[in-house]
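Below is one structure, written out as structure tokens, with a few remarks after it.
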Amino acid sequence: MSMRRTLGRAAAGFAAATLALTGLAACSAEREGTTGGESAAAEETIVGIAMPTRSLERWNNDGDHLKALLEEAGYKVSLQYADNKVEQQITQIQNMVNEGADILVVASIDGTALAPVLADAKAKDATVIAYDRLINGTPDVDYYATFDNELVGTLQGQFIEEQLGLKDGEGPFNLEPFAGSPDDNNAKFFFKGAWDVLLPYVESGQLVVPSGKSPASVDEWTSIGIQGWESAKAQSEMENRLNSFYQDKKVNVVLSPNDSLALGIAQALESAGYAPGAEYPVITGQDADLANTKNILADKQSMSVWKDTRTLGNQVAKMVDSIVAGEEPEVNDTETYDNGEKVVPSFLLEPQVVTKDDVESALVESGFFDASELGL
Ligand code: BGC
């Protein structure tokens, strides 16, 4: 993106009365962990941030953090949430493009639905960063910043392997696996990471899936996907499995790809009479949401894979600074994320397992939660 174009487009952006611009502060202080934007350029640059939904805690944190970081450096920011509705997100991005956004940061709802609107963004010279979730089927996505999604699943699978002593030949255990939303590109990676660890134990009979909802290969993961990552849908699916297949047995382990599903699954278990203690299953999760962290402390969830959304925001802010400075943003993976049109240069951050023992040292000491929020 040339500086001239940036300035020209920003000027056009100023004229757009409808853009919800905030933070016109002239502050251009360098931010910790970023390369620091060129102040004048930052002030002339409009960044549109499209987030999927306010209904999940993490996206609120993601949006607030990134917006604050960018505004602090002087950028003009429009942050929009789309209530998990694909059409609404497309409209929001289209509005950002129409109103002169120079850089788009998009956490997509349906990673396959944005090609036309991004083609328009490209025609108007905007730079597009896929945030957390890859955008598929378009050449018009420039960079991708995320956590190592496959590693998230690997950590879940390995946690189950260790907790149950599968490597030592323990079993058989009753497993119920779940996967994330079929329209989210990440969900496949999470499942692949976990299933590569667990499927051999299903095949050897150390893990048994009484419901039969056991994909024969990673490619069949959508058959157990929970649309929209909805807690309520995970809950009713788990209730169905418990009612239909567990009259005379207990579930020992649930592979849940994230915390919103884990919440619904824990609810279904509670309704079916499971209580924390020896007979309570191992349940995995992801995100370290507040409700789930409380469940971890109460022994209703075994772990969560924590992705500190602040570090992702910092990384994206650095990318924005580099783009505006006319430099290539830093990436550390140029092989993994093929979106069907191109391999998108990516920056992958490392996720971290959090159990009851780590809540204080990882989540509280880093300031992710206040001890008081957790009743500690
Ligand atoms: C994110 C997860 C999140 C899930 C549901 C995924 O794309 O990577 O952190 O739990 O979406 O919103």
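The values are calculated or read from the model by the stated rules, or taken from the named source; none is laboratory data. All values reported here derive from a predicted model rather than from experimental measurement. Positions of Cβ are generated from backbone atoms using ideal geometry, with glycine treated the same way; all protein chains shown enter the neighbour counts.
Just need a number here: residues in the stretch 105-125 that are farther than 25 Å from Leu56 by Cα and either in contact (Cβ under 8 Å) with a residue 40 or more places away in the chain or acidic (Asp, Glu) (or both).
Total satisfying the criteria: 3.
Just wondering, is there one or more residues in the stretch 306-328 that are within 15 Å of the ligand (Cβ to nearest atom), aliphatic (A, V, I, L, M) and at pLDDT 95 or above? Walk me through it before giving the result.
Filtering the stretch 306-328 down to residues within 15 Å of the ligand (Cβ to nearest atom) leaves 306-313, 315-316.
This time we only want the ones that are aliphatic (A, V, I, L, M), so: 312, 316.
Those still in the list that are at pLDDT 95 or above too: 312, 316.
Yes, the stretch 306-328 contains a residue that is within 15 Å of the ligand (Cβ to nearest atom), aliphatic (A, V, I, L, M) and at pLDDT 95 or above.
Of the numbered conditions (1) assigned to a helix (DSSP H, G or I); (2) in contact with a Ser or Thr (Cβ under 7 Å, 6 or more places away or on another chain), Asp83 fails exactly one; give the number of that condition.
The one condition Asp83 does not meet is (1).
If you check Leu348 against the conditions, is it closer than 30 Å to Glu270 by Cα, aliphatic (A, V, I, L, M) and at pLDDT 95 or above? Before the answer, list the steps.
On the way: closer than 30 Å to Glu270 by Cα: no; aliphatic (A, V, I, L, M): yes; at pLDDT 95 or above: yes.
It is false that Leu348 is closer than 30 Å to Glu270 by Cα, aliphatic (A, V, I, L, M) and at pLDDT 95 or above.
Based on what the data block shows, is Gln286 surrounded by fewer than 23 Cβ atoms within 10 Å (Cβ to Cβ), within 16 Å of the ligand (Cβ to nearest atom) and at negative phi? Quick ask: steps written out before the conclusion?
Working: surrounded by fewer than 23 Cβ atoms within 10 Å (Cβ to Cβ): no; within 16 Å of the ligand (Cβ to nearest atom): yes; at negative phi: yes.
Against the criterion (surrounded by fewer than 23 Cβ atoms within 10 Å (Cβ to Cβ), within 16 Å of the ligand (Cβ to nearest atom) and at negative phi), Gln286 does not qualify.
Within the stretch 38-67, track down each residue that is within 16 Å of the ligand (Cβ to nearest atom) and of a type in the set (Ser, Thr, Tyr).
Thr53, Ser55
In the stretch 62-80, how many are in a helix (DSSP H, G or I) and either closer than 16 Å to Trp229 by Cβ or aliphatic (A, V, I, L, M) (or both)? I'd like the intermediate steps shown before the answer.
Of the residues in the stretch 62-80, the ones in a helix (DSSP H, G or I) are 62-72.
Adding the requirement that they be either closer than 16 Å to Trp229 by Cβ or aliphatic (A, V, I, L, M) (or both) leaves 62, 66, 68-70.
Count: 5.
Residues of the stretch 84-104 being acidic (Asp, Glu) and without any contact (Cβ under 8 Å) to a residue 12 or more places away in the chain, which ones?
Residue satisfying the conditions is Glu87 alone.
List every residue pair whose Cβ atoms sit under 6 Å apart, with the two residues 6 or more apart in sequence or on different chains, where the first one lies in the stretch 242-257 and is touching a residue at least 12 places away in the same chain (Cβ under 8 Å) and the second, anywhere, is in a loop (DSSP other than H, G, I, E, B) and hydrophobic (A, V, I, L, M, F, W, C).
Close Cβ pairs satisfying both conditions: Leu242/Ala272; Ser256/Phe178.
Test of understanding: among Leu374, Leu363, Leu348, which residue is surrounded by fewer than 18 Cβ atoms within 10 Å (Cβ to Cβ) and under 29 Å from Ser302 (Cβ atoms)?
Answer to the selection: Leu374.
Does at least one position in the stretch 292-304 carry a residue that is free of Cβ contacts under 8 Å to residues at least 60 places away in the same chain, small (Gly, Ala, Ser) and within 21 Å of Asn61 (Cα to Cα)?
In the first step, residues of the stretch 292-304 are kept if they are free of Cβ contacts under 8 Å to residues at least 60 places away in the same chain; the result is 292, 295, 298-301, 304.
Right, trim to small (Gly, Ala, Ser) and you get 298, 304.
Filter once more, so that each one left must be within 21 Å of Asn61 (Cα to Cα): 304.
The answer is yes; a qualifying residue exists.
Would you check which residues across the stretch 171-212 are crowded, with 21+ Cβ neighbours inside 10 Å and at positive phi and list them?
none
Regarding the stretch 332-339, can at least one residue be identified that is assigned to a helix (DSSP H, G or I), in contact with a strand residue (DSSP E or B) (Cβ under 7 Å, 6 or more places away or on another chain) and within 30 Å of Asn292 (Cβ to Cβ)?
No, every residue in the stretch 332-339 fails to be assigned to a helix (DSSP H, G or I), in contact with a strand residue (DSSP E or B) (Cβ under 7 Å, 6 or more places away or on another chain) and within 30 Å of Asn292 (Cβ to Cβ).
Given the condition modelled with pLDDT of 95 or more, of a type in the set (D, E, K, R), away from the ligand (no atom under 16 Å from the Cβ) and farther than 30 Å from Leu114 by Cα, answer yes or no: does some residue in the stretch 152-162 qualify?
Taking the stretch 152-162 and keeping what is modelled with pLDDT of 95 or more, we get 152-162.
Then drop every residue that is not of a type in the set (D, E, K, R), which leaves 161-162.
Keeping just the survivors that are away from the ligand (no atom under 16 Å from the Cβ) gives 161-162.
After this cut, where a residue has to be farther than 30 Å from Leu114 by Cα as well, the list is 161-162.
For the stretch 152-162, residues modelled with pLDDT of 95 or more, of a type in the set (D, E, K, R), away from the ligand (no atom under 16 Å from the Cβ) and farther than 30 Å from Leu114 by Cα: present.
Among the listed residues Ala101, Ala50, Ala68, Ala73, which satisfies the condition of being out of contact with any Phe, Trp or Tyr (no Cβ under 7 Å at 6 or more places or on another chain), surrounded by fewer than 22 Cβ atoms within 10 Å (Cβ to Cβ) and not charged (D, E, K, R)?
Ala68
Does any residue in the stretch 325-336 that is in contact (Cβ under 8 Å) with a residue 60 or more places away in the chain and small (Gly, Ala, Ser) come within less than 6 Å, Cβ to Cβ, of a residue that is part of a loop (DSSP other than H, G, I, E, B) and surrounded by 14 or more Cβ atoms within 10 Å (Cβ to Cβ) six or more places away or on a different chain, and which pairs are these?
Once the first residue is in contact (Cβ under 8 Å) with a residue 60 or more places away in the chain and small (Gly, Ala, Ser) and sits in the stretch 325-336, its partners that are part of a loop (DSSP other than H, G, I, E, B) and surrounded by 14 or more Cβ atoms within 10 Å (Cβ to Cβ) give Ala325/Glu38.
So how many residues does the stretch 289-301 have that are out of contact with any Asp or Glu (no Cβ under 7 Å at 6 or more places or on another chain) and crowded, with 24+ Cβ neighbours inside 10 Å? Spell out the reasoning first.
So the first thing to find is which residues in the stretch 289-301 are out of contact with any Asp or Glu (no Cβ under 7 Å at 6 or more places or on another chain), and the list is 291, 293-301.
Right, trim to crowded, with 24+ Cβ neighbours inside 10 Å and you get 293, 296, 301.
Within the stretch 289-301, residues that are out of contact with any Asp or Glu (no Cβ under 7 Å at 6 or more places or on another chain) and crowded, with 24+ Cβ neighbours inside 10 Å number 3.
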